[in-house]
Amino acid sequence: MRKFSIATALAAALISAPAAAFCGFYVSDSGQGLYNNATQVAIMRDGTRTVLSMQNNYEGPPDRFAMVIPVPSVLQKENVKTLPRDLFTRLEQLDAPRLVEYWEQDPCAERAQEAMAAKGAIGTGSGFGNGHGRLGGAFGVTVEAQFTVGEYEIVILSAEDSGGLDAWLRHEKYHIPENAEPFLRPYVEHGSKFFVAKVDPTKVVFEHGSAALSPLRFYYDTEQFTLPIRLGLLNAKDQQDLIIHVLAKAQRYEAANYENVAIPTNLDVDESAKGNFAPVYNALFDDTVREHPRAVVTEYAWDASTCDPCPGPALSYADIATLGADVAPSVTAQTQTGAAGAPSMRRGWRGSGGGWVLTRLHARYGKNTLGDDLVFRAAPPIVGGREIMAFGASLERTPTPSSFNNFQARYAIRHAWTGAMACEHPVRGIWGGPPQGQASESPRAATQLAFADRGTSKLSSFVGYHAASAAPSSSVAAAPSALPTSPTAPAKSGCGCGVATRTTPAPITFASASLLLFWILRRNRP
């Protein structure tokens, strides 16, 4: 009987390169260590439909290896597909923390006086054999489905008990982590199946000991809204990063069974951060997590079709479809047939009730911090991190409630005016593009954070605002009854990822719509 590569399927199932902690674990032929140190997950949730896309970073010997991931039901070939890697590179760039650069405008220019009248406006700114059936005799392992997708040979397994699954893997000469059985037990007891992918190492590109795996997408219907992360700890060297991109119609999401905090935003940073942005951001993130060690950090919540400032292009309707809208019930129900008889996704991509909101959640954890699978819940909309004065006094450093989502992790390098001020009443703090003749640069995105240096950047040398003053997002986004500070939902096993409900936020008011029409950079200075 040929051996299979379970680890690869899961790695392919995770979508993007930076961040760790994934829904499964690696096994291999050899006894050498296999590790996962970076994972990104993209989840689309629509009704009871969950579309889960993942990409993991596999670190280990270039031998046959496998990935195991629990799923709530038996998947068929039509439920699984591979995805282009560049889509997830762009997805990460879109919602990553961004660094912008501003220059103070001539305090005596006429537009500076006009800007004063617009106070508060927003600124610019080896397989299992053939067929189905019982495997392993007394081990109680059964092949429920088997098919090929791209470079992957996919097998869906069920097991009567976790001890049998553990014993079967070892019997098949796969070196799995010691004490794996207790990690498998809750999933087997819950009735989960196990998604397995076999990958031939000769078909995988290894770079510096890491395998470049094609992303996988699969979908299912379930009432369970969790992301299994406990199995990923079996292959963790130390701390793991997990970045989750959640897409849903007119809805932001947060963790239901962990503390939620929003990353401090709108901080001015030293110009030296320009060439060192990812390590600088890691210092801020790690400082935040030290203050809230079991927290899931919100870094972004914005309509996926727009951005400001944009470090890269927003998601197109084709991108949204690729990430799951093509199988989302609310979208497929709204598709229209054109003259040629082909369904159109444009209408369903928007649909009724607004566009798709992209939420970015970031956690860093080890075996002694996050111990339960993540459970998600719907969260009310928030704004923050824009070039807009909060209550006319200072830039938005913490999120505030709103009728729409406009929150981002944004940091700025500001160049003060150094020229003459030949007027009686100069107006300081009007920010915009560079002086005439000087080219401006696009915003920089802090990507590949799991691979950026940690501990090399001293936060106080770059910013003057400490993360300890960051307000938990649940305390600012809504009343306690809407976002309680204590867990409200038990963690469940399996890979049912998403949120509890889908709600439509209140319509945008005339005042908030008016703010969106004006884009004037401004900041008060003493």
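The values are calculated or read from the model by the stated rules, or taken from the named source; none is laboratory data. If you're wondering where the values come from, they're calculated on a predicted model, not measured in any experiment. Note: ideal-geometry Cβ built from the backbone for every residue, glycine included; neighbour counts use all protein chains shown. Heavy atoms of the whole protein, side chains included, go into the accessibility calculation; ligands, DNA and RNA do not. Shrake-Rupley method; radii C 1.70, N 1.55, O 1.52, S 1.80 Å.
Observations, loosely collected:
Residues are listed down the side, and each one gets a yes or a no for (1) acidic (Asp, Glu); (2) part of a strand (DSSP E or B); (3) modelled with pLDDT of 90 or more; (4) surrounded by fewer than 24 Cβ atoms within 10 Å (Cβ to Cβ):
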| residue | (1), (2), (3), (4) |
| --- | --- |
| ALA42 | no, yes, yes, no |
| THR50 | no, yes, yes, no |
| MET54 | no, yes, no, no |
| PRO62 | no, no, no, yes |
| ILE69 | no, yes, no, no |
| LEU75 | no, no, yes, yes |
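- One residue stands out among those in segment 259-275 that are under 16 Å from PRO293 (Cα atoms) and more than 16 Å from the chain's Cα centre (by Cα): the one that is surrounded by the fewest Cβ atoms within 10 Å (Cβ to Cβ), which is GLU259.
- Residues that are assigned to a helix (DSSP H, G or I) and among the aromatic types (Phe, Trp, Tyr) within segment 78-104 comprise just one, PHE88.
- Residue check for TYR253: modelled with pLDDT of 90 or more, of a type in the set (Ser, Thr, Tyr) and surrounded by fewer than 24 Cβ atoms within 10 Å (Cβ to Cβ): no
- GLU424 meets the conditions (1) out of contact with any strand residue (DSSP E or B) (no Cβ under 9 Å at 6 or more places or on another chain); (2) among the acidic types (Asp, Glu); (3) within 17 Å of CYS310 (Cβ to Cβ) in every case but one. The failed one is (3).
- If only residues of segment 440-481 that are at pLDDT below 50 and exposed (fewer than 13 other Cβ atoms within 10 Å of the Cβ) are counted, the one that is farthest from PRO381 (Cα to Cα) is ALA468.
- Residue list for segment 397-439, restricted to those being assigned to a strand (DSSP E or B), modelled with pLDDT under 90 and among the aliphatic types (A, V, I, L, M): ILE430
- In segment 263-278, the residues that are outside any strand (DSSP E or B) and modelled with pLDDT of 90 or more: ILE263, PRO264, THR265, ASN266, VAL269, PHE277, ALA278
- Cross-chain or 6+ apart pairs with Cβ under 6 Å, segment 165-184 first and more than 16 Å from VAL143 (Cα to Cα), then modelled with pLDDT of 80 or more and not aromatic (Phe, Trp, Tyr): ALA180/ASP166; GLU181/SER162; GLU181/GLY163; GLU181/ASP166; LEU184/SER162; LEU184/LEU165
- Output for segment 279-302, where each listed residue is part of a strand (DSSP E or B) and in contact with a Phe, Trp or Tyr (Cβ under 8 Å, 6 or more places away or on another chain): ALA295, VAL296, VAL297, THR298, TYR300, ALA301, TRP302
- Residue among LYS198, LYS173, LYS193 that is over 23 Å from the mean Cα position of the chain (by Cα) and modelled with pLDDT of 85 or more: LYS193
- Just so you know, in segment 279-316 the residues that are open to solvent by 20 Å² or more (accessible area, probe 1.4 Å) and of a type in the set (Asp, Glu) include one that is modelled with the highest pLDDT, and it is ASP303.
- Residues (in contact with a Leu (Cβ under 9 Å, 6 or more places away or on another chain) and under 19 Å from LEU267 (Cβ atoms)) located in segment 430-456: TRP431, PRO443, ARG444, ALA445, ALA446
- ALA180 meets each of the listed conditions (1) open to solvent by less than 10 Å² (accessible area, probe 1.4 Å); (2) at pLDDT 85 or above apart from (2).
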